[in-house]
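Structure first, then comments.
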Amino acid sequence: MWFNNLLDSVGSCLYAYILIPLLVFAGFYFTFKTKFVQFRLLKDAFKSLTEKAEKGKVSSFKSLMISTASKIGVGHIAGIASGIIIGGPGAVFWMWFMAVLGSASAFIESTLAQIYKVKDENGGFRGGPAYYMQKAFDKKWLGVLFSCLLIAGYAYCFNALQSFQLSSALTPYIENYKNSIYPMIVGLILAVLTAAVIWGGTHRIGFISVYIVPIMSLAYISLSLYICIKNFDKFPDMMALIFKEAFNFKAIFGAFFYKSALVMGTKRGLFSNEAGMGSAPNAAATADVLHPVNQGLAQILSVFIDTLLICSATSFIVLLSGVDFNCGLEDIPFVQEAVKSQVGTFGVHLIAFSIFAFAFTSIIGNYCYAETNVLFIKNNKVVLNIFRITCVLAVFLGAQADARTVWNVSDLLMGLMAVVNILVILLIGNTAIKALKDYLTQKKDGKVPVFVAKDADIKNTDVWK
């Protein structure tokens, strides 16, 4: 108990006094520096997804789906529900605010990942914050530091959390589920499935994500739309409540930031859309594109899909259901009860299936991020295989873990990652701005933008000679 309370306090202080000011400053800075790139080039963002890659390489769309697969997990269902329960309805507004603002930071970090990506032994690409930290500052230790934070967070804590939430989705089906042998069985099955995929490589991960993520996302959004239409008369009051609760004293300063809507909205928003956190660039770097800006623009769409669509869907389901926040349920069981109140027992089954699809694709997407950073530290097959075994073990144990501890450690690691990455992109973000100017200049001249590093006055790249 004391350990969890300590983690709560440390995490809340980190977010309230360091990370939130950094995220807001970086969001505004890059929004104005790029002249509102997240809005004015939205058409180009959609167009970038149609760009085809060379045979055997990862396309922009497939890279986006790997990134989205990692993001669309329990954070979008259980995380949003717990954020609203703890922080109140106002947390939804701050989640939206940070997504729109943070999408500019997401553009910068993913463009940087493309600029400084490297070729792998299979002819594809890899990269991310660890790589652009090393190349921009010529300090590998900084990249190693970030890699260690990401590996600890994504390969172990985040995947253990996904596994736990998937396991907890079965609670309504089995009496006294948590004290039975079933969590161990679920963990074993999920671990075997995870092992089968991660030993297949990035292309298999991309293949699965391209098909599962869009289908399940559309199904989940459709469910939310149905509930919104069914409760159309309550919708204006719900929206008014979100805005009202976002700006009252308790929402901003509640319990010294511990339970404030601002902190919970930022935490859960960051956990879901990862804008500025330094995770999505690991997937963005794998894409085979003509210009780094193409993938930076695609990443803006990922943030909007994550937060403005999927997270909003959960928020509306929870707030329109009428289920009491003090009913004793939390996370997935709470959402299942909320959906059950609207569509009957069918809703419980749908959420259970959605959690399986989201959690599984998130696990393999998280692994993809972590593998890139393991290879950055030590490109060795023995090390990689040992790492894969520990990842599978984390998934197995996660199904039987304590949710509060895993949430707290995940939030703390996520916050530390974001602080390191935001500070770095604030220092080297002008490199991405140069790439954006090069993209716009070529487009203005009627050309299809093709990137050559020296033409944009960018040095120390491996790919864009």
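Please verify whether LEU290 is out of contact with any helix residue (DSSP H, G or I) (no Cβ under 6 Å at 6 or more places or on another chain) and either at pLDDT below 85 or part of a loop (DSSP other than H, G, I, E, B) (or both), treating the condition exactly as stated.
Numbers: out of contact with any helix residue (DSSP H, G or I) (no Cβ under 6 Å at 6 or more places or on another chain): yes; either at pLDDT below 85 or part of a loop (DSSP other than H, G, I, E, B) (or both): yes.
Considered against the rule, which asks whether it is out of contact with any helix residue (DSSP H, G or I) (no Cβ under 6 Å at 6 or more places or on another chain) and either at pLDDT below 85 or part of a loop (DSSP other than H, G, I, E, B) (or both), LEU290 comes out as yes.
I want to confirm something. Restricting to region 103-125 and keeping residues that are of a type in the set (A, V, I, L, M, F, W, C) and assigned to a helix (DSSP H, G or I), which single residue is surrounded by the fewest Cβ atoms within 10 Å (Cβ to Cβ)? Working first, answer last.
Step one: list which residues in region 103-125 are of a type in the set (A, V, I, L, M, F, W, C), which gives 104, 106-108, 112-113, 115, 118, 125.
In the following step, the residues that additionally are assigned to a helix (DSSP H, G or I) were identified as 104, 106-108, 112-113, 115.
On the way: ALA104: 27, ALA106: 31, PHE107: 30, ILE108: 30, LEU112: 31, ALA113: 32, ILE115: 32.
That would be ALA104.
Could you please find all residues in region 279-330 being within 24 Å of ASN122 (Cα to Cα) and open to solvent by 30 Å² or more (accessible area, probe 1.4 Å)?
Residue satisfying the conditions is LEU290 alone.
Kindly indicate the residue of region 341-393 that is of a type in the set (Phe, Trp, Tyr) and modelled with pLDDT under 85 and also farthest from ILE215 (Cα to Cα) among those meeting that condition. Don't jump to the end; show me each part of the working.
So the first thing to find is which residues in region 341-393 are of a type in the set (Phe, Trp, Tyr), and the list is 346, 353, 356, 358, 360, 367, 369, 376, 387.
Applying the additional criterion that residues be modelled with pLDDT under 85 yields 346, 353, 356, 358, 360, 369.
Values: PHE346: 18, PHE353: 12, PHE356: 13, PHE358: 11, PHE360: 14, TYR369: 23 Å.
The qualifying residue farthest from ILE215 (Cα to Cα) is TYR369.
Before we move on, is LEU161 under 29 Å from ASN379 (Cβ atoms), part of a helix (DSSP H, G or I) and at pLDDT 90 or above? Don't jump to the end; show me each part of the working.
Working: under 29 Å from ASN379 (Cβ atoms): yes; part of a helix (DSSP H, G or I): yes; at pLDDT 90 or above: no.
Criteria not met by LEU161.
Would you mind telling me which numbered condition in (1) open to solvent by 10 Å² or more (accessible area, probe 1.4 Å); (2) in a helix (DSSP H, G or I) ASP462 fails?
(2)
Quick check on region 359-401: of everything there that is crowded, with 16+ Cβ neighbours inside 10 Å and of a type in the set (Val, Ile, Thr), which residue is nearest to LEU190 (Cα to Cα)?
By that ranking, first place goes to VAL395.
From the residues in region 440-465 that are among the aliphatic types (A, V, I, L, M) and either in contact with a helix residue (DSSP H, G or I) (Cβ under 6 Å, 6 or more places away or on another chain) or touching a residue at least 60 places away in the same chain (Cβ under 8 Å) (or both), which one is nearest to VAL118 (Cα to Cα)?
VAL463
For region 422-431, how many residues meet the condition of being in contact with a Pro (Cβ under 8 Å, 6 or more places away or on another chain) and open to solvent by 50 Å² or more (accessible area, probe 1.4 Å)?
Of the residues in region 422-431, 0 are in contact with a Pro (Cβ under 8 Å, 6 or more places away or on another chain) and open to solvent by 50 Å² or more (accessible area, probe 1.4 Å).
Residues of region 164-185 being outside any helix (DSSP H, G or I) and either at pLDDT 80 or above or hydroxyl-bearing (Ser, Thr, Tyr) (or both), which ones?
Looking only at region 164-185, we keep the residues that are outside any helix (DSSP H, G or I), and these are 169-170, 174-176, 180-181.
Answer for region 164-185, where residues must be outside any helix (DSSP H, G or I) and either at pLDDT 80 or above or hydroxyl-bearing (Ser, Thr, Tyr) (or both): SER180, ILE181.
Name the residues in region 23-49 that are surrounded by fewer than 18 Cβ atoms within 10 Å (Cβ to Cβ) and part of a helix (DSSP H, G or I), would you?
Within region 23-49, VAL24, PHE25, PHE28, TYR29, PHE32, LYS33, PHE39, ARG40, LEU42, LYS43, PHE46, LYS47 qualify.
Table: residues versus (1) farther than 20 Å from THR390 by Cβ; (2) modelled with pLDDT under 80; (3) among the polar types (S, T, N, Q); (4) over 19 Å from the mean Cα position of the chain (by Cα).
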{"position": "GLY187", "(1), (2), (3), (4)": "no, no, no, yes"}
{"position": "GLY201", "(1), (2), (3), (4)": "no, yes, no, yes"}
{"position": "SER209", "(1), (2), (3), (4)": "yes, yes, yes, no"}
{"position": "SER224", "(1), (2), (3), (4)": "yes, no, yes, yes"}
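Test each condition in (1) in contact with a Lys or Arg (Cβ under 7 Å, 6 or more places away or on another chain); (2) of a type in the set (A, V, I, L, M); (3) modelled with pLDDT under 80 for ALA285 and report the one that comes out false.
(3)
Would you mind finding the one in PHE107, PHE146 that is at pLDDT 90 or above, touching a Pro at 6+ places or on another chain (Cβ under 6 Å) and not acidic (Asp, Glu)? Give the steps one after another, and end with the answer.
Details: PHE107 fails: touching a Pro at 6+ places or on another chain (Cβ under 6 Å).
Only one candidate passes the filter, namely PHE146.
Does GLN134 qualify as being out of contact with any strand residue (DSSP E or B) (no Cβ under 6 Å at 6 or more places or on another chain), at pLDDT 90 or above and surrounded by fewer than 23 Cβ atoms within 10 Å (Cβ to Cβ)? Steps first, please.
Numbers: out of contact with any strand residue (DSSP E or B) (no Cβ under 6 Å at 6 or more places or on another chain): yes; at pLDDT 90 or above: yes; surrounded by fewer than 23 Cβ atoms within 10 Å (Cβ to Cβ): yes.
So GLN134 fits the description; yes.
Name the residues in region 402-421 that are in contact with a Ser or Thr (Cβ under 8 Å, 6 or more places away or on another chain) and open to solvent by 30 Å² or more (accessible area, probe 1.4 Å), would you? Break it down into steps so the answer makes sense when it comes.
Filtering region 402-421 for residues in contact with a Ser or Thr (Cβ under 8 Å, 6 or more places away or on another chain) gives 403, 407, 417.
The answer is none; no residue qualifies.
Inside region 218-233, can you point out the residues that are open to solvent by 10 Å² or more (accessible area, probe 1.4 Å) and closer than 21 Å to PHE61 by Cα?
Listed by number, the residues that qualify are LEU218, ALA219, ILE221.
The values are calculated or read from the model by the stated rules, or taken from the named source; none is laboratory data. Only a predicted model underlies this, so the values are computations on that prediction, with no experimental measurement involved. Virtual Cβ from ideal backbone geometry, glycine too; neighbours counted across all protein chains shown. Please note that ligands, DNA and RNA were not included when accessible areas were found on the heavy atoms of the full protein model with its side chains. Shrake-Rupley method; radii C 1.70, N 1.55, O 1.52, S 1.80 Å.
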